[in-house]
Amino acid sequence: MKPFQVLAAVVTALVVAPAAAAPAQAQPPARLTNLAHLDFLTEMVTPPVQAGHTTYRLEREPAIGVLWVYADARAGGTYERVGGGAYDPATNTWGQGSYDADDISRAAVVYSRHWAQVGDRHSREMAYQQLRGLTYLQTVSGPDAGNVVLWMQPDGVLNPSAEPAELPDPSDSGPSYWLARTIWALGEGYAAFRTADPAFAAFLEARLDLAVAALERQVLTRYGEHQIVDGVRVPAWLIVDGGDASAEAVLGLCAYLRAGGTRAARTALARLATGIAALGSGDADTWPHGAVLPWALSRSFWHAWGAQMPAALAQTSVTLSDQRLLRPAVDDAAAFTPRLLTSTGPVNGWLPAPADGTQIAYGADARVQSLLSVAQASGSTGLRRLAGVTAGWYFGQNPGGAVMYDPGTGATFDGVTGDGAVNRNSGAESTIHGLLSMLALDANPDLAVLAKSSGVVATRDGQRVVEAESGVLAGPATVVTPPSPWTGESLWSGGAYVSVSAGSTVTWTVPAAGQPVQVAAVVNRVPGRGGVSRFDGLGDVRYGGGGVQGVSPAPGALLPIVLPRQMPSGSASLVATTTAGSGQLDALLLTPLVSTLVAGDTTLLTSVSDRTERRTVVGRTSARSYDNRGRLTGVLVGRSPITVLVPAGGFAIARG
């Protein structure tokens, strides 16, 4: 599934079929992790005989564990389980299905981790059944052996070609997100059952070997090859060209190798991790500001959902004893993530302007897990504390100021829009990733305290977007609204851009800031000379100089170009004059020298300055400062207000 398909899938409307309501628990448990809602989504189904599909002890145990994909909110705090696509009551089928490998695999990870963490026998049984259901979805013979069918109907009949269609179609005809997530679940499942149930573990290992073999013949056969994307060489051996999909497979391979593993798995792990690492780049002044990008075919697109690339790299650096893989993971965690948190939080899309402000648990959890993994691999206490701050998303640190996870039921809401509207449904994906975060917090009680006290946002003073078309245009400059804001690899912010030519000017009135501001112009960077726009007092932006399109889905690339000089403190206007040629200007990104997030009892500060900055923070009595590698540079304890030192390109966390 390509990123634009996933973005569309987030907002797909579902037709509801009758189902039971989820039970509510009266008293919240002492631990944050509560499996009640996930249990409610599970089902046991006895599938008919289907060629190429079987599972562990199917003849003796004909019923297998599966998981409903969605749960829609109903009156009285209950939920109704629903499938994907249009429902046909005459046949009791869905256009897609009721159960899917994407979520069954990740539910198996939740149950496996919970069993390992607390020794819960119920979780052991649920992990066992979900893994049996997942391996039934895996094709075991023929040219597609090792791949996975995505959807299953309520009666256990597989639906390889769903409506609406998803790629690959049929769903087991090639590499996919669900193949990657199957590898993740099989790796963690093998590690969990290796000593507790050696026979079942041996079965899981055989199925993992089958999945890795599919990976080798379909993806890793291109190891060492590169493709060109807007002038940049990118690896051609990632699962569906995704750092995100590949990262989830890597998590499973790391778990498998820590428990033993095979040479083939080690080779696959090393090759996938090398490809993921190649997608990291940038610094405080250069996009993507240290982030590891999730999609190799776009230089302009970062999304929070599924962005576990830093976690995958950090864990691989330990598993394979390869510190080279840790560097891009640390850049993402220590340089990019603080900037993300002070600007928008874990949104669905910086493209490269934050054009999709929706936030979901899949994105919040990916940041939490990545920070914890990088902290463990690097020894950074700062990144560990930052994970606690990031987990505040579940307790109100989001655009709606809403508590997104209910420890009394184990339900996690399905998301919140950029303007604060909460989707109170609680489907499998949100439930799973909410629980993965809660398991992490239960394993780190001090971070749970930090998360719960870093809830509702009081202020978020970070990167701001000024749409190009909001300015006053003069001369040969026009606002262009394309038929679709999606370019094929990124998104026009606000759905429009300004076409500028020599002699045109655009003037913007912006809120005056009490400190210098970094200004980046988001332009469509094209090959050749292109045009030049001069920003009064700040420097020039060139629309040319882009690389050849290559396999990029669109010509040119929307990229933020940071101007050579900062906008002075107190400035309230910007003027751009195009001095030569022509170009397409999408937006301006204005980032204070030091950005701030104030949430609950926590203040996070992050810097784009090239020197240590001092900021006075009111209502806080202690602070810890960290450089752009997450290393501690100073500790301050005093009486409010305190003066916090923010290292160049680093961050600080103040508490009160």
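Structure notes:
- Ser484 passes every criterion in (1) part of a loop (DSSP other than H, G, I, E, B); (2) farther than 25 Å from Ser552 by Cα apart from (2).
- Annotation note: of Gly119, Gly142, Gly97, the sole residue that is open to solvent by less than 40 Å² (accessible area, probe 1.4 Å), modelled with pLDDT of 95 or more and not aliphatic (A, V, I, L, M) is Gly97.
- Within the stretch 507-523, the residues that satisfy the criterion of being part of a loop (DSSP other than H, G, I, E, B) and under 29 Å from Pro476 (Cβ atoms) are Val510, Pro511.
- Qualifying residue in the stretch 479-487 (condition: out of contact with any Gly (no Cβ under 7 Å at 6 or more places or on another chain), free of Cβ contacts under 8 Å to residues at least 24 places away in the same chain, among the β-branched types (Val, Ile, Thr) and under 17 Å from Ala521 (Cα atoms)): yes
- Scanning the stretch 425-474 for residues that are farther than 22 Å from Gln376 by Cα, open to solvent by 10 Å² or more (accessible area, probe 1.4 Å) and part of a loop (DSSP other than H, G, I, E, B) returns Asn425, Ser453, Val456, Gln463, Gly471.
- Index of the failed condition, Val109 passing every other in (1) open to solvent by 10 Å² or more (accessible area, probe 1.4 Å); (2) out of contact with any strand residue (DSSP E or B) (no Cβ under 7 Å at 6 or more places or on another chain): (1)
Table: residues versus (1) open to solvent by 30 Å² or more (accessible area, probe 1.4 Å); (2) modelled with pLDDT of 95 or more; (3) touching a strand residue (DSSP E or B) at 6+ places or on another chain (Cβ under 7 Å).
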site: Trp492; (1), (2), (3): no, yes, yes
site: Gly495; (1), (2), (3): no, yes, no
site: Gln518; (1), (2), (3): no, yes, yes
site: Val523; (1), (2), (3): no, yes, yes
site: Val526; (1), (2), (3): yes, yes, no
site: Asp536; (1), (2), (3): yes, yes, yes
site: Leu558; (1), (2), (3): no, yes, yes
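- So Leu491, is it touching a residue at least 40 places away in the same chain (Cβ under 8 Å), farther than 27 Å from Ala355 by Cβ and aliphatic (A, V, I, L, M): no
- Gly224, sole failed condition from (1) of a type in the set (Gly, Ala, Ser); (2) over 22 Å from the mean Cα position of the chain (by Cα); (3) surrounded by 16 or more Cβ atoms within 10 Å (Cβ to Cβ): (3)
- Taken together, the criteria place Gly503 among residues that are open to solvent by 30 Å² or more (accessible area, probe 1.4 Å), of a type outside the set (Phe, Trp, Tyr), in contact with a Gly (Cβ under 7 Å, 6 or more places away or on another chain) and in a loop (DSSP other than H, G, I, E, B).
- The stretch 179-210, subset among the basic types (Lys, Arg) and farther than 17 Å from Ser246 by Cα, residue least open to solvent (accessible area, probe 1.4 Å): Arg207
- Test: Leu67 is under 15 Å from Arg181 (Cα atoms) and outside any helix (DSSP H, G or I): yes
- Residues (outside any strand (DSSP E or B), in contact with a helix residue (DSSP H, G or I) (Cβ under 9 Å, 6 or more places away or on another chain) and either open to solvent by less than 50 Å² (accessible area, probe 1.4 Å) or over 25 Å from Arg327 (Cα atoms) (or both)) located in the stretch 627-656: Asp627, Arg629, Gly630, Gly649, Gly650
- Condition met for Pro154 (in contact (Cβ under 8 Å) with a residue 60 or more places away in the chain, outside any helix (DSSP H, G or I) and open to solvent by less than 30 Å² (accessible area, probe 1.4 Å)): yes
- The single residue among Arg233, Arg217 that is outside any helix (DSSP H, G or I) and open to solvent by 50 Å² or more (accessible area, probe 1.4 Å) turns out to be Arg233.
- Taken over the stretch 614-626, the residue count meeting the criterion of being open to solvent by less than 30 Å² (accessible area, probe 1.4 Å) and either modelled with pLDDT under 95 or assigned to a loop (DSSP other than H, G, I, E, B) (or both) is 1.
The values are calculated or read from the model by the stated rules, or taken from the named source; none is laboratory data. Small disclaimer: the values here were computed from a predicted structure and weren't measured. Glycine also receives a Cβ, built like all others from the backbone with ideal geometry; neighbour counts cover every protein chain displayed. SASA here: full protein model, heavy atoms, side chains in, ligands and nucleic acids out. Shrake-Rupley method; radii C 1.70, N 1.55, O 1.52, S 1.80 Å.
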